[in-house]
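To keep things clear, I will list the structure first and then write my remarks on it.
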């Protein structure tokens, strides 16, 4: 199983819960902005039923090409279409979709999120839903809260945010973005996902990749003792790699913020 699929497998139950909370209308047509290879498009397509349709948009031609092949292999090309494009200039007319969704994309980068959110709103019909979601926290080192706190305080550990980023651009301030754009009933909710031993192979692989993504270059920012503990617990080749413990349990949260386009 490749990296995208492993990470999707880890997060899939959480994504399903988020999408369920949106109550997307059956038969509706929606946009997944920043869709990657389209793995979340499948969950969105399930939510809107066989009479609905999901369009995925991503700037990476390689991701779109790979995603189209996966859709064809799984017989989903009629219910999901993928298009190459930039979410800062979404290549669709106003009021094209019944809803728009973006996970780990809009609001997740250090750029000002509001222009992207404005584009997502522009292409949604009055009364339609606009939703964005992002990874917002994790506890992955049970029994070692001090080390995990130190890791979270490193430059990589606070990614995708950065030191000096204006507080109002932090994803957890997204309710303000929605209100500034006059979206109705802006709502924010955290959704938890968890893993517990014994772990399936793909979940273990996903956690290995997650550790590497969250804390890739922390050596220069840790004390010698903390670095030694990090290498003992967090490197897959270590005999004490923490996810191999028979009592391992970890969890993470996603936060979703959504609102509605005002009716005319």
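The numbers here are math on the coordinates, done by the rules we state, and not lab data. Just so you know, these numbers come straight off a predicted model, no measurement behind them. Cβ coordinates were reconstructed from backbone atoms using ideal geometry, including for glycine residues, and neighbour counts include every protein chain displayed.
For this structure, a couple of remarks:
- Shape parameters for region 45-110, alpha-carbon atoms, Rg then Dmax in Å: 12.6, 37
- Dimensions in Å of region 92-221 - Rg and Dmax from alpha carbons: 17.6, 52
- Note that region 3-260 shows a convex hull volume over its alpha carbon atoms of 131 Å³ per residue.
- Dividing the summed -39500 (n - 2.57) terms of all DSSP H runs of n ≥ 4 by the residue count of the chain sets its mean residue ellipticity at 222 nm at -10500 deg cm²/dmol.
- Ordering of 220-227, 43-50 by packing [mean C-beta count within 10 Å, highest first]: 43-50, 220-227
- DSSP beta bridges in the chain [antiparallel fraction, %, rounded to 5]: 50
- Principal-axis tilt of helix 39-48 within the chain, Cα atoms, nearest 10 degrees: 50
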